[in-house]
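First the structure, in the form of structure tokens, and then the observations on it.
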Amino acid sequence: MTTSTRRLQAVVLFAASACLALTMPLAAQDPSPAQIDAVFADFDAASSPGCALGVYRDGELVYEKGYGMANLDWGIEIDPSTVFYVGSVSKQFTAAAIALLARGGQLSLNDDIREFLPELPEYDTPVTVGHLVHHTGGMMDMYAAMMDSGMNIFDPIENGEAVEVLASKPLDFEPGDRFSYSNGGYFLLSQIVERASGMSFTEFTTTNLFEPLGMGDTHFHGDAGHIVPRRAMSYEGGNSGELRQNYVSTFGFVGQGGLYTTVGDLIKWDRNFYESRVGGAGFTEFVETRGVLNGGETIDYAFGLRHAVYRGQHTVGHSGGMMGFRAYMERFPDQRFTVSALCNQSEIDPGVLARKVADLYLADVLESGS
């Protein structure tokens with residue numbers, strides 16, 4: 001073959017590959033840091049509370065950053081290691097503890113909750129552990145029950161007294177008839193974990209969830225006086241007037257909330273949905289199982305996780321908010337992509353911010369609109 005012939009073949013091959021490249025869809029590019037940071041620009045100031053952001057793909061960290069201030073008194077900035085109270089994002093960990101006990105044979109989702117909490121009244125239809133997991137038991141909300149009893153929800157209260165408060169209230173509906181979100185039900189789940197395991201709820205979750213996953217900055221805060229290094233304070237009033245600190249140091253309920261964590265630790269939890277390091281094979285499928293009502297309707301709520309559809313894509317996640325803290329963690333299972341946003345001002349909506357970040361990363365698969 002002559003040199004000129006080889007050159008001609010090379011030109012033809014190059015042209016063919018170039019044409020093929022033009023006809024193939026381009027791979028999506030990750031957004032630039034500037035594009036991501038722009039989502040949080042309103043809070044990225046020395047005078048503002050803000051958020052920590054974590055972006056994960058395939059159980060690995062893609063992007064993390066802090067915006068705004070963790071403590072305005074001391075001028076401490078938020079960074080990815082800042083520890084936040086995450087409100088009801090906690091529920092997936094409470095439900096995971098129940099799942100571990102169920103899969104280990106220490107309880108059944110079909111068990112009457114009075115097997116563990118005999119101080120509760122005998123209801124006409126038994127309330128099961130599974131009813132509490134899926135918010136279908138008719139249990140009154142914890143905070144509503146306290147206020148109905150003339151109590152302040154931020155006053156210190158022992159677990160036994162809180163159980164008594166719930167025991168004094170009738171069910172809102174026949175167990176299994178419908179879904180009604182209940183912080184009371186999830187508080188009772190924390191007590192069931194204690195009774196079934198013989199360990200405190202904080203000890204059980206630390207030993208069986210957080211330590212195995214290396215989540216060293218994560219714990220359920222059952223002791224209101226417990227010192228938390230790098231903890232953010234929380235605030236309210238930024239959009240309507242003078243900022244004021246909102247954090248309540250005496251608040252110590254766990255189960256329905258009570259978790260402190262970081263965006264760095266949450267990636268380790270996210271990774272477990274793919275690796276099942278905690279829980280073993282089938283654990284993810286177990287905790288993603290949705291509740292079913294008496295009439296046969298399947299609800300969108302699983303084990304402290306909500307199934308939803310965002311711009312044509314399946315998501316699994318949860319929001320949280322209490323004492324001025326706001327949190328959101330949402331996973332796109334088909335893309336193995338997750339965003340978490342932990343914030344410390346009541347007027348911030350972390351769900352909106354997290355989905356704006358997802359819009360940037362998943363622009364090639366998300367449908368138009370919202």
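Any read-out appearing in this document is the output of simple, stated calculations on the displayed coordinates, not a laboratory observation. Not measured: the values here are computed from a predicted model. A quick note on method: Cβ atoms are made from the backbone with ideal geometry, for glycine too, and the neighbour counts reach across all protein chains shown.
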field: Charge dipole of the range 211-342 about the Cα centre (unit charges at C-beta), most positive-ward option of Gly282, Ala341, Val254
entry: Ala341
- prompt: Between Glu174 and residues 5 or more places away or on another chain, which pairs have amide H atoms under 5 Å apart, with H built 1.01 Å from N, and which residues are they?
  reply: none
Unit charges at the beta carbon, dipole of the chain: most positive-side option, Leu166, Tyr361, Val133: Tyr361
- line: Charge tally for neighbours of Pro118 with beta carbon under 13 Å away, counting Lys, Arg as +1 and Asp, Glu as -1, is -4
- request: For the range 58-72, just list the computed ³J(HN,Hα) in residue order, Karplus coefficients 6.51, -1.76 and 1.60, θ = phi - 60°, integers in Hz, with x standing in for Gly and Pro.
  value: 6, x, 10, 6, 9, 7, 8, 6, x, 9, x, 10, 7, 8, 6
task: With θ set to phi - 60°, apply the Karplus curve 6.51 cos²θ - 1.76 cosθ + 1.60 along the range 42-53 and write out the HN-Hα couplings as whole Hz, x wherever there is a Gly or Pro.
output: 5, 10, 8, 8, 6, 9, 10, x, x, 8, 10, 10
message: Can you compute the helix-only [θ] at 222 nm over the chain? Use -39500 (n - 2.57) per DSSP H run of at least 4 residues, normalise by all residues, nearest 500 deg cm²/dmol.
response: -9000 deg cm²/dmol
- request: Take the Cα atoms of the range 240-370, find their three principal axes, and give me the spread along each one in whole Å, biggest first.
  value: 45, 36, 35
query: Using a Gaussian network model of the chain with C-alpha springs under 10 Å, which one of Met139, Met233, Met199 is most mobile by mean-square fluctuation?
result: Met199
field: Values of log10 I(q)/I(0), in the order q = 0.08, 0.12, 0.14 Å⁻¹, for the range 33-361 under a Debye, Cα-only, solvent-free model
entry: -0.35, -0.81, -1.11
task: In whole Hz, with x marking every Gly and Pro, tabulate ³J(HN,Hα) for the range 242-248 from phi via Karplus 6.51 cos²θ - 1.76 cosθ + 1.60, θ = phi - 60°.
output: 5, 5, 9, 5, 10, 4, 10
message: Treating only the Cβ of Lys, Arg, Asp and Glu as charged (+1, +1, -1, -1), what charge dipole size does the chain show about its Cα centre? Round to the nearest 20 debye.
response: 1540
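So if each residue of separation counts as 0.36 nm, and I subtract the Cα-Cα distance between Asp349 and Glu275, what length gain in nm does that give?
So the chain would gain 23.6 nm between Asp349 and Glu275.
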field: Simple label model, 7 Å out from Cα along Cβ direction - Glu77 to Thr289, nm
entry: 4.7
field: Val287, Val278 arranged by Cβ crowding within 10 Å, fewest neighbours leading
entry: Val278, Val287
